[in-house]
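Engineer: Shown below is the structure under consideration.
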Amino acid sequence: MSRRNASICACLGAVLVAALLESALAFDYSDALGKTFLYYEAQRSGRLPPSQRASWRGDSALDDGKSQGVDLVGGYYDAGDNVKFGLPMAFTITMLSWSAIEYGKQIDGAGQMGFAKEAIKWGTDYFLKAHTAPFELWGQVGDGLNDHGCWQRPEDMTTSRRAYKIDTSNPGSDLAGETAAAMAAASIALRSSDPTYSDLLVEHSKQLFEFADKYRGKYDSSIRLAQNFYTSKSGYADELLWASLWLYEATGDEQYLDYAVDNGGALGGTIWGLMEFSWDVKYPGVQVLASKILMQGRASPRHIPTLELFQSKAQFFLCAALQKNNGFHLPRTPGGLMYVRSWNNMQYVVTASFLLTVYSDYLASSRQQLQCPRLSSDSSELLALAKSQVDYILGDNPRATSYLIGFGQNYPRQVHHRASSIVSIKVDNAFVSCRGGYSSWYLRKMSDPNVLIGALVGGPDLYDNFADERYNFEQTEPATYNTGPLIGILARLLQDHRYQQSGRNLSLFLTARVSECSRTYVFSLVSQSSRPQRRGVKSVLSIRQRLVGSWTLEGQVQYKYEVTVKNTSRRRTVKAIVLQINRLQEGQYWGLTRTSSSGSSTSRSTSSTSSSSSSDAGDGSFTFPHWRSSLNPLESFVFVYINAASGERAKIRVASYRTTAPGSSV
C-alpha cells in the first residue's frame, strides 16, 4: 500500500471512529446499569432475602436436593423456565465477576457495587452447596422437557425437581471447569469485602479444576437431559484453559499459567480462531484473557511465545467483529447489529462487545494497536463498535425499540418468561396449574403483569425484524448470561462523560462531525475513481425493495422497507457506488452512508441534499455502509429505511458506480 493510500485509509478509520463517538444519541447508561441487577433478583431461586427488590417474586424450590440428601436450595433459573442448569449459570457468574473486576470503580461510582456483589454471591453460595466433594458436583436441578410442558410461576411449580451430578464415574470437565472459573473470578471480585469467603472459593476452584483435568469427559454425556437444552458442542478443552487462567488471575500461582501455556496447542487455545464467545464456546475469552497477561507485562520469557499465539487468535475474533478479517467477518444487520444466529442473538452481541471493550482498554494502557489483516485499529475504534451495539440494544435501531426490559418507553411487553407473564403470587395466590398456565397466561395477547426489569431479550432477526409475542421464544426470551457481559460494557461507558445522558430527547439519527481530513481524502478517493453510468449502457446493479413490517410509534404508523442491491455481473466487482434516493421521509435509514453531491462521504443531516423538488429530509446521495467497500460478482447488500404515515416507497436509482475486472487490485 502506498503512503498516500495508507494516509487515506487511516483518515477514513479516524472518520468512522469520530462518527461513532460523537453520536447525538445520549442514553442514561447509569439507569440501564441499575436495572440489570434487578433482573438477577427476579431470577433467584430459593428463599428470598428481606432486601429483595423484585417484590413480585416469592420463595420457590425450597426442597431442591432434599430427596437425594443434599441441599441445593438457591441459585438462578437460567432463562424463562424454572430449571437450574449449572453450565450457563457458572458462565453467568464468571462474566458478572469479570465485569466487576474490570469496572468495579465505575460500578461503585454508580452506586451499584453492593448489588453486583450480591448477584455474584447468590451464585457462588449455590456452587458451594453443589460442590459436595472434591470430585463431585451437582450440575442440574429439574427436567427441562418436563418443565417445558408446563407454564407455571416458580412459586407454584409441580414439575420434577430431581437433581443430577457429575463425579469420577460420570465426569463433566466442561461443567467442572466453568464452575472452577466462576469461583476463581468471583474470589477476585469479592476479596476486598470478604477475604475469608474468597479464600474458600479459591480452594473449591482448585479442587474443581483438578477434577475437571483428571477425570475428563463432556458433562452432557453424564447429565444427558442437558443435551436438549445446553449441549456442550465445543467440548471441555476450552473450559480447562479458561479455568487455569482464572486460577492464575486469582492466585498468582504460575503453575496455572504453565498449564495454559503448556497445553495451549493440545487443547486448541492457540489453534482455534472463532467468531463466537458464549456459555458453550470459551476460546475467544481464553485468548483475550491470555492477551491481557501478555500486554500487562506479567509473562515470563518462556511464556511469551505461546501467549503471543493466544493473542493472534484473540485478534482474529476482534478483527472479525470489526469486519477487517479478510472475509471472516461477524455479519451485521442493516441496522448495524452483529448477528450470529436466530435464537437469542443478543447473547453473542454482548459477549463480543464485552471482549471488544476490555481489549480496547488493554490496548490503551499498553499503547498498542489491534493488528488486523485489513488495517490496524486503535483502542477507540473497538470501544466505538461496542458502544454502537449497546446503543442499538437501548433503542438506536430501526424499530426504536429497547431490548432491555424496563429501559425507555418502547420495550417488549410479552416476554417469554413464566414468572413475569403470570400474575404475582402476592397479588393472587390462587394456584396456577401446569396446563392451566398455558391457557390462562401463555396465550394471553396482553402485556406481562410483572415487568422483568433489566432482562435482555433475544432480539431481532438478521433484518432487524422483531415480533413482541410471548410464544416467539427465539426473540423474546431473556437469559442470565445475556445480562452479565452487558453490565461490564455499561459500566465502562460511564467512564467517559461523552457517553452520559445529556438530557436531549431520543433521536433516531446519528450526527457526526467530519474532520477536514475526511473532506480532503474521501473526496480525492471517490472523485478520481467514480464515473457516471454511461447512457444506453445497462447497469450491472439491480435494486429490489419490499415492505417488511409496520408498527405504531407515538400514534403514527411506521413502515419499514428492505432494499436489496445486487451486482448481477458474473465477472466484475462493483465499487464506489452512488445511489440517488428521493421520497425518503424524515431520513430514517440504516445500512447506508450519505454522500455529498460530489460523492464524498458526509454525516447524516436533516437538510436535503437532493436536486429533486422533494422536500423530504432524507433525500440525497448515498453509498455503501462504512463496513463495506465493494460488491463481488453476484453479491448483494441490504439496507432498510422507514417511511411514516403514507407508507410510500422511496424512489431509488443508481447515479454512478465503478467496476473492476477479475484480479484487479484497483
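Engineer: Going through segment 179-192 one residue at a time, which ones are more than 16 Å from residue 166 (Cβ to Cβ) and either acidic (Asp, Glu) or out of contact with any Gly (no Cβ under 9 Å at 6 or more places or on another chain) (or both)?
Structural biologist: Step one: filter segment 179-192 for residues more than 16 Å from residue 166 (Cβ to Cβ), giving 184-192.
Of everything in segment 179-192, those that are more than 16 Å from residue 166 (Cβ to Cβ) and either acidic (Asp, Glu) or out of contact with any Gly (no Cβ under 9 Å at 6 or more places or on another chain) (or both) turn out to be 184, 185, 187, 188, 190, 191.
Engineer: For segment 362-377, how many residues meet the condition of being surrounded by 18 or more Cβ atoms within 10 Å (Cβ to Cβ) and out of contact with any Cys (no Cβ under 9 Å at 6 or more places or on another chain)?
Structural biologist: The initial filter retains those residues of segment 362-377 that are surrounded by 18 or more Cβ atoms within 10 Å (Cβ to Cβ), namely 362-363, 370, 372, 375, 377.
Those still in the list that are out of contact with any Cys (no Cβ under 9 Å at 6 or more places or on another chain) too: 362-363.
Residues flagged as surrounded by 18 or more Cβ atoms within 10 Å (Cβ to Cβ) and out of contact with any Cys (no Cβ under 9 Å at 6 or more places or on another chain) within segment 362-377 amount to 2.
Engineer: Here is a further query. Is it fair to say residue 231 is more than 19 Å from residue 123 (Cβ to Cβ), among the β-branched types (Val, Ile, Thr), assigned by TED's automatic domain parsing to the domain that holds residue 141 and exposed (fewer than 15 other Cβ atoms within 10 Å of the Cβ)?
Structural biologist: Numbers: more than 19 Å from residue 123 (Cβ to Cβ): yes; among the β-branched types (Val, Ile, Thr): yes; assigned by TED's automatic domain parsing to the domain that holds residue 141: yes; exposed (fewer than 15 other Cβ atoms within 10 Å of the Cβ): yes.
Yes.
Engineer: So, in segment 360-386, of the ones that are touching a strand residue (DSSP E or B) at 6+ places or on another chain (Cβ under 8 Å) and hydrophobic (A, V, I, L, M, F, W, C), which residue ends up farthest from residue 326 (Cα to Cα)?
Structural biologist: 363
Engineer: Which one is surrounded by the fewest Cβ atoms within 10 Å (Cβ to Cβ) among residues in segment 342-361 that are in a helix (DSSP H, G or I) and of a type in the set (Gly, Ala, Ser)? Give the steps one after another, and end with the answer.
Structural biologist: Of segment 342-361, the ones in a helix (DSSP H, G or I) are 346-361.
Then drop every residue that is not of a type in the set (Gly, Ala, Ser), which leaves 352-353, 360.
Values: 352: 26, 353: 26, 360: 24.
Among residues in segment 342-361 that are in a helix (DSSP H, G or I) and of a type in the set (Gly, Ala, Ser), the one surrounded by the fewest Cβ atoms within 10 Å (Cβ to Cβ) is 360.
Engineer: Pairs under 6 Å by beta carbon, first residue part of a loop (DSSP other than H, G, I, E, B) in segment 288-300, partner buried (at least 22 other Cβ atoms within 10 Å of the Cβ) and at pLDDT below 95, six or more apart or different chains?
Structural biologist: No pair meets every condition.
Engineer: Just for segment 117-137: of the residues that are part of a helix (DSSP H, G or I) and aliphatic (A, V, I, L, M), which one is surrounded by the fewest Cβ atoms within 10 Å (Cβ to Cβ)?
Structural biologist: The initial filter retains those residues of segment 117-137 that are part of a helix (DSSP H, G or I), namely 117-130.
Now narrow it down to the ones that are aliphatic (A, V, I, L, M): 119-120, 128, 130.
Values: 119: 28, 120: 26, 128: 16, 130: 27.
That would be 128.
Engineer: Kindly evaluate residue 133 against the criterion of being more than 19 Å from the chain's Cα centre (by Cα), farther than 14 Å from residue 189 by Cα, in the same structural domain as residue 76 (by TED's automatic domain parsing) and without any contact (Cβ under 8 Å) to a residue 60 or more places away in the chain.
Structural biologist: Values: more than 19 Å from the chain's Cα centre (by Cα): yes; farther than 14 Å from residue 189 by Cα: yes; in the same structural domain as residue 76 (by TED's automatic domain parsing): yes; without any contact (Cβ under 8 Å) to a residue 60 or more places away in the chain: yes.
So residue 133 passes the test.
Engineer: Hey, among the residues in segment 49-90 that are basic (Lys, Arg) and not in a helix (DSSP H, G or I), which one's surrounded by the most Cβ atoms within 10 Å (Cβ to Cβ)?
Structural biologist: Here the answer is 84.
Engineer: Any chance segment 106-116 includes a residue that's crowded, with 24+ Cβ neighbours inside 10 Å, in a helix (DSSP H, G or I) and aliphatic (A, V, I, L, M)?
Structural biologist: The answer is yes, given that some residue of segment 106-116 is crowded, with 24+ Cβ neighbours inside 10 Å, in a helix (DSSP H, G or I) and aliphatic (A, V, I, L, M).
Engineer: Can you spot a residue in segment 156-164 that is assigned by TED's automatic domain parsing to the domain that holds residue 493 and not in a loop (DSSP other than H, G, I, E, B)?
Structural biologist: Here is the first cut: in segment 156-164, the ones assigned by TED's automatic domain parsing to the domain that holds residue 493 are 156-164.
Narrowing the set further to residues that are not in a loop (DSSP other than H, G, I, E, B) leaves 163-164.
There is at least one residue in segment 156-164 that is assigned by TED's automatic domain parsing to the domain that holds residue 493 and not in a loop (DSSP other than H, G, I, E, B).
Engineer: Take residue 215 and tell me if it is surrounded by 17 or more Cβ atoms within 10 Å (Cβ to Cβ), under 17 Å from residue 134 (Cβ atoms) and assigned by TED's automatic domain parsing to the domain that holds residue 147.
Structural biologist: Working: surrounded by 17 or more Cβ atoms within 10 Å (Cβ to Cβ): yes; under 17 Å from residue 134 (Cβ atoms): yes; assigned by TED's automatic domain parsing to the domain that holds residue 147: yes.
Criteria met by residue 215.
Engineer: Now for a different question. Tell me which residues, restricted to segment 73-117, are without any contact (Cβ under 8 Å) to a residue 40 or more places away in the chain and touching a Gly at 6+ places or on another chain (Cβ under 8 Å).
Structural biologist: Kept after step one, since they are without any contact (Cβ under 8 Å) to a residue 40 or more places away in the chain, are these residues of segment 73-117: 105, 108, 113-114.
Hit for segment 73-117 is 113, nothing else.
Engineer: Checking residue 227 against (1) assigned to a loop (DSSP other than H, G, I, E, B); (2) free of Cβ contacts under 8 Å to residues at least 60 places away in the same chain, which single condition isn't satisfied?
Structural biologist: (1)
Engineer: Next question. If you take the residues in segment 606-639 that are small (Gly, Ala, Ser) and part of a strand (DSSP E or B), which one is modelled with the highest pLDDT?
Structural biologist: The first filter runs over segment 606-639 and keeps only residues small (Gly, Ala, Ser), leaving 607-608, 610-615, 617-618, 620-621, 629-630, 636.
When the remaining residues are screened for being part of a strand (DSSP E or B), the result is 620-621, 630, 636.
Values: 620: 85, 621: 89, 630: 86, 636: 85.
Only one residue fits best here, namely 621.
Engineer: Among 397, 410, 472, which is out of contact with any His (no Cβ under 6 Å at 6 or more places or on another chain), surrounded by fewer than 24 Cβ atoms within 10 Å (Cβ to Cβ) and under 29 Å from residue 148 (Cβ atoms)? Full working, then the answer.
Structural biologist: Details: 397 fails: under 29 Å from residue 148 (Cβ atoms); 410 fails: under 29 Å from residue 148 (Cβ atoms).
Of 397, 410, 472, the one residue that is out of contact with any His (no Cβ under 6 Å at 6 or more places or on another chain), surrounded by fewer than 24 Cβ atoms within 10 Å (Cβ to Cβ) and under 29 Å from residue 148 (Cβ atoms) is 472.
Engineer: Which condition from (1) on the phi < 0 side of the Ramachandran plot; (2) surrounded by fewer than 20 Cβ atoms within 10 Å (Cβ to Cβ) is the one that residue 297 breaks?
Structural biologist: Residue 297 satisfies all of (1) on the phi < 0 side of the Ramachandran plot; (2) surrounded by fewer than 20 Cβ atoms within 10 Å (Cβ to Cβ) except (1).
The values are calculated or read from the model by the stated rules, or taken from the named source; none is laboratory data. Only a predicted model underlies this, so the values are computations on that prediction, with no experimental measurement involved. Glycine also receives a Cβ, built like all others from the backbone with ideal geometry; neighbour counts cover every protein chain displayed.
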